[in-house]
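The values are calculated or read from the model by the stated rules, or taken from the named source; none is laboratory data. What you see is a predicted model, and the numbers here were worked out from it, not measured in a lab. Backbone-built Cβ (ideal geometry, glycine too); neighbour counts: all protein chains shown. Only protein heavy atoms, including side chains, enter the accessible area calculation; ligands, DNA and RNA are left aside. Shrake-Rupley method; radii C 1.70, N 1.55, O 1.52, S 1.80 Å.
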Amino acid sequence: MKHTLSVVVENKPGVLTRVTSLFARRGFNIDSLAVGTTEDPTLSRITIVCSAADTPIEQITKQVHKLINVIKVQELDPSESVERELVLFKINAAPERRHEIIEIANVFRAKIVDVGRNSVTIEATGATDKVDAMEDLFRAYGIKEMARTGKIALTRGREG
Amino acid sequence: MSDRITGAEALVRCLEAEGVDVLFGYPGGVALPIFDALYDSTKIRTVLPRHEQGAVHAADGYARVTGRPGVALVTSGPGAANTITGLANAYMDSIPVVVITAQVSTAVIGTDAFQEIDITGITVPITKHNYLVKNASELPEAMKEAFHIATTGRPGPVLIDVPVDVSKGELDFKYPDSVNLPGYKPTYKGHSKQIKQAVSLITRARRPLLYVGGGVLASGGAKELKELAELMQIPVTTTMMGKSVFPEDHHLWIGMPGMHGAKYTNYAITEADLLIAVGVRFDDRVTGKLAAFASKAKIVHIDVDPAEIGKNKPVDVPIVGDAKNVLAGIVAELRKAGAEPKTEAWVKVVDEWRKQFPLHYGGHDVAADHEQLYPQYVVQRISELTKDRPTVICTEVGQNQMWACQYYTLRHPRTWVSSGGLGTMGFGLPAAIGAQAGRPDALVVDIAGDGSIQMNIQELATAKVNGFPVKIVILNNGYLGMVRQWQELFYGRRYSASVLPQDCPDFVKLAEAFGCFGVRVERPGDVDSALQAAFDFDGPAIVDCRVVPEECVYPMVAPGASIDEMLGGVPGCPVSEMLDDELLEEVWE
Ligand SMILES: Cc1ncc(C[n+]2csc(CCOP(=O)(O)OP(=O)(O)O)c2C)c(N)n1
Ligand SMILES: [Mg+2]
């Protein structure tokens, strides 16, 4: 089962290594990881998606929490949080197939950010399943290159 | 008020402000500014070990006996690399140690400069925290935090890496009064609702058992533990890390649990209906097969580290908090409720097991056996001869360590120094030196193996030159005995790479070469006089005991087996056959 952890850390050198090496050492696979600053410039937020059974996720959460530079660790409940991911696809597109691809992009409210002689590059954001669905459709045309940022997430407004 | 001094001077002032009275330090190029500053300190004694591993183990031994942080200082590169085993050892056993490593100049960090290693990178998984100080002005804060982190919450080692330009650079010195660590707030006070739940289980239990470990020693909770045990008449088992926290001549003490625990100890765990686990971590060497461990018991788990609770074994009442505080809270609640012990029958049952399944060795009657020198006998004699004087027992690793656990009777907290989680051969001698530095009044004995002692034997020079009169008693069996035991039991007696000739080295001559006292013992009749001569000698001494070579540590739980299935020792049988019906009825409803 996949879990999303939101980890708020002190914005200091080496902190990301401490967090990620802990996952490796305790035998947890990281599926994706996104890091950036928060509203407070002294703090960063690391969003980690990892797969684990239910008991161990609590174990890794506690272990991460023990790191001196970690301020807060939260497991995000998908129904209680907003999740987004940014993706760039560079897709094989001979001129005669271009409009098909653009149509698909439109359905997903994605943007065309570059057009080459034999390719188009599309930018999209969305929850992970939407990005997965797009990837699936574009595979049929041939994805030359793809870059995904990994998920970022926040809890919904209710709890302030 | 502040004054302008160098980073190295500031570092020494920080150490003095922390009350450090001894430091184990090994110099080298980029560490020289710090050693130069230490030269002027009248408060700190610098002890030169003969290897940096020895420095860290000595700091560790010092911390174990005093409860105060031990400090080691080494140079960059190879010096720093040599601290790794010591750090890992302290980390596994939650011992407060502060290691200061010198580092190449910040200007060349990352260029593979001479004697540069990324020691903060390397030690992330084996320190509680570490620092690379990049600016002299940050040094006092880093030092303050390091000592705070090492000694609070669940203790552990902290490393501070100090580049040479930082120790040469200048700063306005002021030692901070407090730390600002927003991400570090250990929970000391147990939740009162959880404490009440524990109390209610304790008052109802018919077969309760206290399973206590190093956390109780760390919290200074020996008195509270004894109060609880005596108030409710609950038997106590101490893990190897918890040894010495409860007097082992007390009628409620029932030995060490686990792989080499006594049968009665493991039976008691197996049959208990309430396990009060305090400052322990359900280590595999204690639990054996987890599913069968204390499977009839409700479990209360008290620990300052929330990550330990439920890590290996689900618990019924988790209490995050300092062991001393929580135990005191439980005792207070029990007193308030006027709780009375209900364990008379249970204690009788455990005593019955103790009689039926004692630890034993050498056939039926050892006393009559005057030919063979058994290692267990040597430990028993050490125990007897030291019982009326302040003594600290250190051990190496292997069979010697297990026999020390089984046959020495500890009576006072912090008189036991042994490598638990890491099982580090070579720990005992340098740790004994550190222990002696912390307890100059005590007789410090290292119960050693012939293999382990050779791993850090160079520290005999440290002991001699610095006046640490530690006594090394080698249970010389001519083998890496614990390895040989596993090979005997599980590998068809194929003694691959586990043989050590008993006479090489000649430990008596070796002792003499270091200017120490050495004596050899081959017969049981000579044990007392040799031990006494070593103990009375004014300086370090080695007693080379040529013991029965192929003795095994029993009982033994095979790895992965349930702890009530033990090899060796007095044959066991099902509980129902062991006890008379009346007792059974009283305790097992
Ligand atoms: C540094 C290190 N290397 C290897 C081991 C594995 N090991 C555990 S016990 C042991 C044998 C110890 O021999 P000795 O010191 O003679 O003690 P004995 O068991 O014979 O009493 C070994 C090799 C270890 N624990 N530590
Ligand atoms: Mg041996």
(request) Check whether at least one residue in region B:498-511 is within 26 Å of B:Ala262 (Cβ to Cβ) and open to solvent by 10 Å² or more (accessible area, probe 1.4 Å), and report yes or no. (result) no
(request) Tell me which residues, restricted to region A:48-87, are hydroxyl-bearing (Ser, Thr, Tyr), surrounded by fewer than 16 Cβ atoms within 10 Å (Cβ to Cβ) and either within 14 Å of chain B (Cβ to nearest Cβ) or in a helix (DSSP H, G or I) (or both). (result) A:Thr55, A:Ser79
(request) Using the structure shown, decide if A:Asp40 is at pLDDT 95 or above, exposed (fewer than 15 other Cβ atoms within 10 Å of the Cβ) and within 14 Å of another protein chain (Cβ to nearest Cβ). (result) yes
(request) Run down B:Ala463, B:Ala497 and say which single residue is of a type in the set (Gly, Ala, Ser), in the same structural domain as B:Leu429 (by TED's automatic domain parsing), away from ligand 1 (no atom under 14 Å from the Cβ) and in contact with a helix residue (DSSP H, G or I) (Cβ under 9 Å, 6 or more places away or on another chain). (result) B:Ala463
(request) Might you check whether a residue that is open to solvent by 10 Å² or more (accessible area, probe 1.4 Å) and within 14 Å of ligand 1 (Cβ to nearest atom) occurs anywhere in region B:375-389? (result) no
(message) I want to confirm something. Restricting to region A:1-23 and keeping residues that are open to solvent by 60 Å² or more (accessible area, probe 1.4 Å) and more than 22 Å from B:Tyr184 (Cβ to Cβ), which single residue is nearest to the other protein chains (Cβ to nearest Cβ)?
(response) A:Met1
(request) Would you check if B:Ile195 is open to solvent by less than 20 Å² (accessible area, probe 1.4 Å), within 14 Å of chain A (Cβ to nearest Cβ) and assigned to a helix (DSSP H, G or I)? (result) no
(request) Just give me the residues in region B:245-259 being within 13 Å of B:Gln406 (Cα to Cα) and open to solvent by less than 10 Å² (accessible area, probe 1.4 Å), in sequence order. (result) B:Ile254, B:Gly255, B:Pro257, B:Gly258
(request) Could you run through region B:198-218 and say how many residues are hydroxyl-bearing (Ser, Thr, Tyr) and open to solvent by less than 20 Å² (accessible area, probe 1.4 Å)? (result) 1
(message) With open to solvent by 10 Å² or more (accessible area, probe 1.4 Å), of a type in the set (Lys, Arg), farther than 30 Å from B:Asn135 by Cβ and within 14 Å of chain B (Cβ to nearest Cβ) as the only criterion, which of A:Arg45, A:Arg26 stands out?
(response) A:Arg26
(message) Of the residues A:Glu96, A:Glu39, A:Glu123, only one is over 30 Å from B:Glu308 (Cα atoms) and in a strand (DSSP E or B); which?
(response) A:Glu123
(request) Name the one entry in B:Val280, B:Val286 that is outside any loop (DSSP other than H, G, I, E, B) and surrounded by 24 or more Cβ atoms within 10 Å (Cβ to Cβ). (result) B:Val286
(message) Taking the condition of being among the β-branched types (Val, Ile, Thr) and within 16 Å of ligand 2 (Cβ to nearest atom), how many residues in region B:429-453 meet it?
(response) 2
(request) Filter the helices (runs of 4 or more DSSP H) completely within region B:42-154 down to those with at least 3 residues that are touching a helix residue (DSSP H, G or I) at 6+ places or on another chain (Cβ under 7 Å) and either open to solvent by 40 Å² or more (accessible area, probe 1.4 Å) or at negative phi (or both). (result) B:52-66, B:84-92, B:139-151
(request) Considering (1) within 16 Å of ligand 1 (Cβ to nearest atom); (2) touching a Phe, Trp or Tyr at 6+ places or on another chain (Cβ under 7 Å), say which one B:Lys471 fails and leave the rest. (result) (1)
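Which one is surrounded by the fewest Cβ atoms within 10 Å (Cβ to Cβ), of the residues in region B:163-183 that are touching a helix residue (DSSP H, G or I) at 6+ places or on another chain (Cβ under 7 Å) and either of a type in the set (Val, Ile, Thr) or within 13 Å of chain A (Cβ to nearest Cβ) (or both)?
Selected residue: B:Val179.
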